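**Student:** Sharing a structure below in C-alpha cells format, with a few things to ask.
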Number of protein chains: 4
Amino acid sequence: MSTPINVAVVGVSGYTGLELLKILTVHPMFNLTYLGTSEGGESVEAMHPSLLHVATGVAKKSDAASIAKVASLAFLALPHKAAMGFAKELIALGVKVVDLSADYRLSQSVYEAHYCPHEDPQNLEQAVYGLPEFYRSKIANASLVANPGCYPTAALLALVPFLSYMDANAPVIIDAKSGISGAGKKPNPLTQFVNINDNMFAYSPLSHRHAPEIKEQLQIQGQIEREVCFVPQLIPATRGMLVNAYVQLNESLNPFELLEKYYANDPFVRIRQAPVTLKSVAGTHFCDLFAKMQGKTLFVSASIDNLLRGASSQAVVNANIMCGLDEYMGIPTLSYVP
Amino acid sequence: MSTPINVAVVGVSGYTGLELLKILTVHPMFNLTYLGTSEGGESVEAMHPSLLHVATGVAKKSDAASIAKVASLAFLALPHKAAMGFAKELIALGVKVVDLSADYRLSQSVYEAHYCPHEDPQNLEQAVYGLPEFYRSKIANASLVANPGCYPTAALLALVPFLSYMDANAPVIIDAKSGISGAGKKPNPLTQFVNINDNMFAYSPLSHRHAPEIKEQLQIQGQIEREVCFVPQLIPATRGMLVNAYVQLNESLNPFELLEKYYANDPFVRIRQAPVTLKSVAGTHFCDLFAKMQGKTLFVSASIDNLLRGASSQAVVNANIMCGLDEYMGIPTLSYVP
Amino acid sequence: MSTPINVAVVGVSGYTGLELLKILTVHPMFNLTYLGTSEGGESVEAMHPSLLHVATGVAKKSDAASIAKVASLAFLALPHKAAMGFAKELIALGVKVVDLSADYRLSQSVYEAHYCPHEDPQNLEQAVYGLPEFYRSKIANASLVANPGCYPTAALLALVPFLSYMDANAPVIIDAKSGISGAGKKPNPLTQFVNINDNMFAYSPLSHRHAPEIKEQLQIQGQIEREVCFVPQLIPATRGMLVNAYVQLNESLNPFELLEKYYANDPFVRIRQAPVTLKSVAGTHFCDLFAKMQGKTLFVSASIDNLLRGASSQAVVNANIMCGLDEYMGIPTLSYVP
Amino acid sequence: MSTPINVAVVGVSGYTGLELLKILTVHPMFNLTYLGTSEGGESVEAMHPSLLHVATGVAKKSDAASIAKVASLAFLALPHKAAMGFAKELIALGVKVVDLSADYRLSQSVYEAHYCPHEDPQNLEQAVYGLPEFYRSKIANASLVANPGCYPTAALLALVPFLSYMDANAPVIIDAKSGISGAGKKPNPLTQFVNINDNMFAYSPLSHRHAPEIKEQLQIQGQIEREVCFVPQLIPATRGMLVNAYVQLNESLNPFELLEKYYANDPFVRIRQAPVTLKSVAGTHFCDLFAKMQGKTLFVSASIDNLLRGASSQAVVNANIMCGLDEYMGIPTLSYVP
C-alpha cells in the first residue's frame, strides 16, 4: 500500500468544512494533519457535536507556514477574498491547493466586475477550473484548482453536452432551487426556520454572482458568448439543489441518448428516465440529469447535493486527481434516502 | 339587510371542499344549505376534525334534484368528468354553478384532446372562464362559471399584462412549483411525507394538462397562438404555488410600473418590489407578482395559495359576482404568517 | 351599535404583535389607534409584508403619554422588564393594560427568583392572571391583566380539572413541544432552518421559567404545593404547541367525561376522543384536550396555537372581557388545515 | 484476509431493507448473495432509484431452500407473522437468522397477548434479544437473534443503567417521538405530507405494542415487574427518534457520571452534556443519551436513528457478533448533518 498523503482543511468550522472532515475521516489515503479556523482553539467536537466519538482534534489559527510543514495539499473552505490570501502563500510554499471559494474560478476582469480587486492574478492564470468531467487532465497537472460553485456545477453538467446544438441567439434560461445549507452557517433572518418553512422565494434574481461563472464556462466550452438568465431560489430543504435549464436548440434530438453517450465514462453523472429528485443525490457526489424536448425547446434538469458535488466531495475528487489517486477514492455514494 | 342566498357544496370531503366550508361558514350572505359527498352520511366533524365547534351538518349523497330544492347556487368540488354530470342537471333545474373542475375551462376540442369526451357541449359553450380580473362582466351574467386551474390562475395573472409586448415566435417558459395539497387528499406514494420532505421534483414536465389551459387563454387574450413550455414541480410545503415565467419581449420596459397600472383597480393582485413568497399569500385570495427584465427577457413571478386563489376563494369571488354581491365579500385576507 | 373602543399595540414588530394586528384589523369593536415599537418609524407593510393591502399605518416610538391620549386599552407585546415600565405608567394614566410578558404573572418572590427585581409591585398585587376559563369574573373588573405564558396556558387547561383527584406526593411530569415561532423573530443559531429541520431537542429541561408559573397556578387552584418537572422541546413546525402531562391520581376515573363536564360552557376548549394535533388548532384560539388513564396514571394532552391561545388571541379575549364585550368577539376559529 | 460470508436480505423493498442494502453494499466481509421480496422480479434500481450506479441485482420471490444454498445468514426485514415462517425454515436448514420483526422478541405469552398465536415456539425459546450492549456474549452463540424494536432500543439504553436505583412502585413514564419513516413505506392517510407537515400527534397512547417489549426487558434486567406508561408520537421528520423517560429514583445521583461509567466500553452509546438531538445520530448507529435530575425524578433522554440503530445497523452489528467479526465492522458513523 502506498504512503498516506498529508492534507489540511482551512476553515473547518462551517458546513463545507464539516463535509470535508466527514469525507477525510474515512478516506483511505488522505491523512488529515491540520485543521484551521480564523481564531483557532475549538475542538472538532465543539464545532461539530455530531462528530463526537468519530473525529477528534483542535483547530489552529490558520497559518500558511505551519500548514506547509505538515501537509502537501490544503483545502480552503473560506469566504472569497480570504481564500486568495492563503492560496498565494501556500502555492509559494509548494503546497497544492483546492480552493472552494470563488477566487480562482473566473477570469480576472469578470471576477473584479462581480467580486473585488484580485490580489493574486499570477496564480489565477494558472488555476484550473475543477469540474472533473470536463477538465480531468488539466486538474491532474494543476497545483491550484478552483472548485466550482454549486449552481455552476449543476448547470454546466446539464448544459455543456448540448452546446453544439444550441441556438446562439436565444438566452439560456436557468431556474434554480437550493436547500438552505447553501446559505452557510451564520444566522440570518432569511434562513430562520419560521421564514423558510412552508415557503419558497427567489433571491438575487437575474443578478446572482454564479451567473457570470456559468456564462464564462459556457463560452469557454462552446466558444460563443451567450446570454444567461439565472434565477436562484431557496426551498425548505436542508441540502440539495435542482437546476432547470430551458434552451432553444437548432434541431430536435433525443436528449436522453445524447446524455447517456456523453457521460458514458462518468459514473457520477446518472442519466434518469424520470425527473430527477433532490433526495436521490443528497449525501452523495452524484449529479442526476433528466432532459426532454418540446419542439425545439430543451428542458434539462440537474440535481446535486449542494455541499458535496457542489463543494466538498468535488474538492476531494479534485484532490484525488491532483495526487494521482483513483478519481473516486473515498467519495460518498449512499444517499440520504429515505 | 338583503336576504341570504342559499348555496350548496358538492364534494365537501376534500381539501377544496374544506376551504369552501371555511369561507362559507363566515360569509355574510351565503347560507350553506346542502353538503354533498359521493356516499353521503359523513358529519362535517368526521370529515374535517378541525371544524369541531365551528361547523356542523351531515353530508348527503349528492343529488341534483335535492340541491335544486334548497339552493340557488352550487359549488362543484368534484373530479373532472364527475362534475359535468352534475352541472348539466343543475343548470337544467335553474341552479347556478361554479365548477372547480376542468370540465368547462377549455374549448371542446382541446378538452377532448387532453381529458375525455365531453358530455355537456351545450353548457360548455355558455360557460364563462372564472378569472375575475379578466372576465368580471361576463361572470356577472353567467349561470355556469368554470373556475380556473391553480397553475393557469397564477400564470395568466402574471403573463396577460405583457401579452401585447411579447415576441410571438419565442416560447413562453413556465417553471412552476406547487405545495402538496394541490395533489389532493387521497394517499399516494409520491405525496407521502417521507417521499417529499427535503425533496423536490418535477412531474408531468412538458405534458401537464394545465398547459393547454394556459395556452388557450393566452390565445383568447392575445389573439395569437403561442408555444407554452410548462414544467410543474412539487415542493415540501403544504400550500402555496410559485409560478415563474420567462418570455421574450419586443422591447425593454419597466415591468413593475406596467403591472401597477394594469392592476390598479384589483386589490387582490399585489405588485411587489421584492421577489414574491409563498407565505405572504397562504391563507388568502391574494396573487402577488414580481417582475424584472434582463435585456429583452422578462422574468415574471406569481405566488398564490393553490387552494384559495387557485380554487376555493376564487370560486366564492365568482359566486359573489354572479349573485350581485360585493366581489370580495367574505374573502380571506389574513395570511398564514408567521 | 355601540361606540368602538380605541386600543393600542405596543411592540408591533414581533410575531405576537403581528397576530394582534391581524385580529384587531377585523375586530368589530376595537379600533386600533396606536402602533408602537422601540424605535418608531416603520410602516406596517415594511414590518409585515404579508399585510400589504390589508393594514396600513406607521409605528411610533412607544410612549405612554401619547398612548393615553388615543387609547383606553393597550396590549403590551414586549419582553419582560420592558413591559412593567410601560404598564406602570399606563395604569397611572387610566389606560387598561393586557400585558403579554411575564411581568405580572407571578407573585413577587417567585418572579424575582426567576426573572429580575420587580419594579412595579403595587400593580403586581392587583394584576389578574388572564386565563379566562378560570378567572373570567376577576378579569371583567381588572385594569391590568397578565396574559399567561404559552406553556402554562396549555398545561393549566389540561391539569386544573383533575387537581382534586391528584396524588399530592407524586410529581407532575410535563413533556412539552413548541413550534419555532415561540422562540421569537430574532435570528439565532438554534432556530436556523438547517438546525431544526428534521430535528428536535429539549431546551432548558427542568429549568425553564414557565415551570414556576405552572407550579404557582396549580398551587393557587389546588391549594397544595406540588412538584412540577417540566421539559420543553423545539419541533420542526412554525406554530403550535403540544403539552403532555403525566400525573398520579388517587382513583381511576373517566377523564373524557370529567373534561366534558368541566368545560361544558367553554366553547374554545374542545375535548377530543382521539389524540390532539397541532394543526387542528393552528390559526385559532382553541385548546384541544385528550386524556386517557392507565392504572392510576393519567395522561392528559393539550394542543394550542402558541401565538394565539398562547399569546395574542388570549390577550384579545381578555380585552373583550375587560371592556364588557362578548368574550369571543373577533376571535379566530378557522384553523390552518390542510 | 478471511473469506467473505454470504448473506441474504429477505424483504428488501422496504425502508429497513434499503438500509440493509446500503450497509451491506460497503461491508468489508458480508457478501450479499440473495435479495428476496414477496413477489420477486424487481430490480434494485426500480425498488430504490437512489441506488442507481451503486447496487445492482434483481429480487427473487423469497424462498428458504434457495436462500440456504447461497447464504449462511439471513436478515429478515418482514412484517411480524411473515417472519416466523421463514425463520423456522431457515434455522432448520442451518442458516443463521437476524429477525427484524417482533416475532422472537417477547416471551410466548406476552407475544400472543399483543400479536397473534406463535407458530414457532421452539425457536422462540432459543432466540436471543439482540441489544448488543446487554447481550453480547449470548448473541455470539446464537443462531437466531431477535432484533429489538426501535422504541425499546432507545428506552432500554436510557433506562437499564438506572434500574437498581429506581423506585419499584412508581410507573416508568415514556414520552417518545418518531420520524415518519418508522411507519413504513406503504401509503396511508396519517403519513401523507399534508397531514404531518407542521403537525405532531400521539398514536396508540398507552396501548402501543412496544410497551410490553420494554416492560419485559426491564423485568428481565431488573428482576422486578414495573408499570410502563408509553406514549409514542409522530413528528414531521423523516428519520430519528427521541425517547424521554421520567422515573422516580430512591436517591439522588449524578446521572451523567453513572452513564459514562456504565457505557465506558460501548463506543456507540454517547453520553451528552447537552440535550440530545435527532440529527446528531441520523444516518448512524449511535445512541445519544442525556440525563438530569430534579429531586428524585430522573429525566433521561435517548436519541437514535429509528431505521439504523432502531433496525438495520443493529441487525448488522448482531450479524457481525454472530459471525465472529469485529462488532462494528461496516457500521455507519457519519451523521446526516447539516
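Residues checked against (1) closer than 19 Å to D:Ser181 by Cα; (2) at pLDDT 95 or above; (3) assigned to a strand (DSSP E or B):
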site: D:Leu258; (1), (2), (3): no, yes, no
site: D:Lys279; (1), (2), (3): yes, yes, no
site: D:Ala282; (1), (2), (3): yes, yes, no
site: D:His285; (1), (2), (3): yes, yes, no
site: D:Asp288; (1), (2), (3): no, yes, yes
site: D:Val300; (1), (2), (3): no, yes, yes
site: D:Leu307; (1), (2), (3): yes, yes, no
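**Student:** Under 9 Å between Cβ atoms, at least 6 apart or on separate chains: pull out the pairs that start in the range C:49-70 with a residue that is within 14 Å of another protein chain (Cβ to nearest Cβ) and end on any residue that is surrounded by 15 or more Cβ atoms within 10 Å (Cβ to Cβ) and among the aromatic types (Phe, Trp, Tyr).
**Tutor:** Pairs that qualify, where the first residue is within 14 Å of another protein chain (Cβ to nearest Cβ) and the partner is surrounded by 15 or more Cβ atoms within 10 Å (Cβ to Cβ) and among the aromatic types (Phe, Trp, Tyr), are C:Ser50/B:Phe286; C:Ser50/B:Tyr336; C:Leu52/B:Phe286; C:His53/B:Phe268; C:His53/B:Phe286; C:Val54/B:Phe286.
**Student:** Could you figure out which of (1) closer than 17 Å to B:Ala237 by Cβ; (2) at the interface with chain B (Cβ under 10 Å from one of its Cβ atoms); (3) touching a helix residue (DSSP H, G or I) at 6+ places or on another chain (Cβ under 6 Å) isn't true of A:Asn199?
**Tutor:** So the condition that A:Asn199 fails would be (3).
**Student:** Look at the range D:12-38 and say how many of its residues are of a type in the set (Phe, Trp, Tyr) and over 13 Å from D:Leu308 (Cβ atoms).
**Tutor:** 2
**Student:** Here's something else I'd like to know. For B:Asn318, work out the one condition from (1) outside the structural domain of B:Ser72 (by TED's automatic domain parsing); (2) touching a residue at least 40 places away in the same chain (Cβ under 8 Å) it doesn't fulfil.
**Tutor:** In the conditions (1) outside the structural domain of B:Ser72 (by TED's automatic domain parsing); (2) touching a residue at least 40 places away in the same chain (Cβ under 8 Å), B:Asn318 misses (1) alone.
**Student:** Would you confirm whether any residue within the range C:41-52 is under 19 Å from C:Gly330 (Cα atoms) and either surrounded by fewer than 24 Cβ atoms within 10 Å (Cβ to Cβ) or not assigned by TED's automatic domain parsing to the domain that holds C:Val128 (or both)?
**Tutor:** Yes, because at least one residue in the range C:41-52 is under 19 Å from C:Gly330 (Cα atoms) and either surrounded by fewer than 24 Cβ atoms within 10 Å (Cβ to Cβ) or not assigned by TED's automatic domain parsing to the domain that holds C:Val128 (or both).
**Student:** On to the next question. Limited to the range B:280-312, what total is found for residues that are basic (Lys, Arg), over 16 Å from B:Leu259 (Cβ atoms) and touching a helix residue (DSSP H, G or I) at 6+ places or on another chain (Cβ under 7 Å)?
**Tutor:** Of the residues in that region, 1 qualify.
**Student:** Take A:Ser137 and decide whether it is within 30 Å of B:Ala170 (Cβ to Cβ), at pLDDT 95 or above and not hydrophobic (A, V, I, L, M, F, W, C).
**Tutor:** no
**Student:** Something else about it: Does at least one position in the range A:103-112 carry a residue that is in the same structural domain as A:Glu89 (by TED's automatic domain parsing), surrounded by fewer than 24 Cβ atoms within 10 Å (Cβ to Cβ) and of a type in the set (Asp, Glu)?
**Tutor:** Yes; the residues of the range A:103-112 include at least one that is in the same structural domain as A:Glu89 (by TED's automatic domain parsing), surrounded by fewer than 24 Cβ atoms within 10 Å (Cβ to Cβ) and of a type in the set (Asp, Glu).
**Student:** Being among the β-branched types (Val, Ile, Thr) and more than 25 Å from A:Ala92 (Cα to Cα) is the filter here, so list the residues in the range A:127-183 that pass it.
**Tutor:** Listed by number, the residues that qualify are A:Thr153, A:Val160, A:Val172, A:Ile173, A:Ile174, A:Ile180.
**Student:** Residues being farther than 13 Å from B:Ser313 by Cβ and within 12 Å of chain A (Cβ to nearest Cβ): count how many of those fall in the range B:274-290.
**Tutor:** Qualifying residue count for the region: 9.
**Student:** Count, please, the residues in the range B:171-192 that happen to be surrounded by fewer than 20 Cβ atoms within 10 Å (Cβ to Cβ) and among the hydrophobic types (A, V, I, L, M, F, W, C).
**Tutor:** 2
To keep it simple, each residue is scored yes or no on (1) out of contact with any strand residue (DSSP E or B) (no Cβ under 8 Å at 6 or more places or on another chain); (2) modelled with pLDDT of 95 or more; (3) in a helix (DSSP H, G or I).
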site: D:Cys116; (1), (2), (3): yes, yes, no
site: D:Glu119; (1), (2), (3): yes, yes, no
site: D:Leu124; (1), (2), (3): yes, yes, yes
site: D:Ala154; (1), (2), (3): no, yes, yes
site: D:Val160; (1), (2), (3): yes, yes, yes
site: D:Pro205; (1), (2), (3): no, yes, no
site: D:His208; (1), (2), (3): no, yes, no
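**Student:** A further question follows. Kindly indicate whether any position in the range D:311-333 is crowded, with 18+ Cβ neighbours inside 10 Å and within 13 Å of chain C (Cβ to nearest Cβ).
**Tutor:** No, the range D:311-333 has no match at all.
**Student:** Report whether or not D:Ile220 is under 19 Å from D:Ser107 (Cα atoms), more than 14 Å from chain C (Cβ to nearest Cβ), part of a loop (DSSP other than H, G, I, E, B) and not acidic (Asp, Glu).
**Tutor:** So D:Ile220 fails the test.
**Student:** Quick check: is even one residue across the range B:3-18 hydroxyl-bearing (Ser, Thr, Tyr), surrounded by fewer than 17 Cβ atoms within 10 Å (Cβ to Cβ), more than 14 Å from chain C (Cβ to nearest Cβ) and more than 21 Å from B:Asn318 (Cα to Cα)?
**Tutor:** There is no residue in the range B:3-18 that is hydroxyl-bearing (Ser, Thr, Tyr), surrounded by fewer than 17 Cβ atoms within 10 Å (Cβ to Cβ), more than 14 Å from chain C (Cβ to nearest Cβ) and more than 21 Å from B:Asn318 (Cα to Cα).
Yes/no per residue for (1) on the phi < 0 side of the Ramachandran plot; (2) not assigned by TED's automatic domain parsing to the domain that holds B:Asn265:
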| site | (1), (2) |
| --- | --- |
| B:Phe134 | yes, yes |
| B:Gly182 | yes, no |
| B:Pro187 | yes, no |
| B:Asp198 | no, no |
| B:Lys215 | yes, no |
| B:Gln233 | yes, no |
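**Student:** Now, a different point. Restrict the check to the range C:316-325 and report whether at least one residue is more than 26 Å from C:Pro171 (Cβ to Cβ), part of a loop (DSSP other than H, G, I, E, B) and in contact with a strand residue (DSSP E or B) (Cβ under 9 Å, 6 or more places away or on another chain).
**Tutor:** Yes; the residues of the range C:316-325 include at least one that is more than 26 Å from C:Pro171 (Cβ to Cβ), part of a loop (DSSP other than H, G, I, E, B) and in contact with a strand residue (DSSP E or B) (Cβ under 9 Å, 6 or more places away or on another chain).
For (1) hydroxyl-bearing (Ser, Thr, Tyr); (2) under 13 Å from C:Leu52 (Cβ atoms), each residue gets a yes or a no:
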| residue | (1), (2) |
| --- | --- |
| B:Gln233 | no, no |
| B:Thr238 | yes, no |
| B:Asn244 | no, no |
| B:Asn250 | no, no |
| B:Pro255 | no, no |
| B:Lys261 | no, no |
| B:Val269 | no, yes |
| B:Gln273 | no, yes |
| B:Ser280 | yes, yes |
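**Student:** Is there any pair linking a residue in the range B:254-271 that is more than 11 Å from chain C (Cβ to nearest Cβ) to one that is exposed (fewer than 14 other Cβ atoms within 10 Å of the Cβ), with Cβ under 7 Å and at least six apart or on different chains, and which?
**Tutor:** B:Phe256/B:Gln273
**Student:** Looking at the range D:234-253, which of the residues that are facing chain C (nearest Cβ under 8 Å) and free of Cβ contacts under 8 Å to residues at least 60 places away in the same chain is farthest from C:Lys279 (Cα to Cα)?
**Tutor:** D:Thr238
**Student:** Out of the residues in the range D:162-195 meeting the condition of being basic (Lys, Arg) and more than 7 Å from every other protein chain (Cβ to nearest Cβ), tell me which one is farthest from D:Glu257 (Cα to Cα).
**Tutor:** D:Lys186
**Student:** Go through the range A:113-145 and give me each residue that's closer than 18 Å to A:Ile220 by Cβ, acidic (Asp, Glu) and loosely packed, with under 15 Cβ neighbours inside 10 Å.
**Tutor:** Hit for the range A:113-145 is A:Glu125, nothing else.
**Student:** If you scan the range C:260-273, which residues turn out to be part of a loop (DSSP other than H, G, I, E, B) and either surrounded by 12 or more Cβ atoms within 10 Å (Cβ to Cβ) or of a type in the set (Ser, Thr, Tyr) (or both)?
**Tutor:** Across the range C:260-273, the qualifying residues are C:Tyr263, C:Asp266, C:Pro267, C:Phe268, C:Arg272.
**Student:** Scan the range B:226-255 for residues that are under 18 Å from B:Ser164 (Cβ atoms) and within 21 Å of the chain's Cα centre (by Cα) and jot them down.
**Tutor:** If the condition is that a residue be under 18 Å from B:Ser164 (Cβ atoms) and within 21 Å of the chain's Cα centre (by Cα), then B:Val228, B:Ala245 are the ones that fit.
**Student:** While we're here: Filter the range C:224-253 for residues that are at pLDDT 95 or above and among the polar types (S, T, N, Q); which is surrounded by the fewest Cβ atoms within 10 Å (Cβ to Cβ)?
**Tutor:** Here the residue is C:Asn250.
**Student:** Now, a different point. Residues of the range C:294-338 being in contact with a Pro (Cβ under 7 Å, 6 or more places away or on another chain) and of a type in the set (D, E, K, R), which ones?
**Tutor:** C:Glu327, the sole residue that qualifies.
The values are calculated or read from the model by the stated rules, or taken from the named source; none is laboratory data. Keep in mind it's a predicted model, so treat the numbers as computed, not measured. Here the Cβ is made from the backbone with ideal geometry for all residues, glycine too, and neighbour counts use every protein chain on show.
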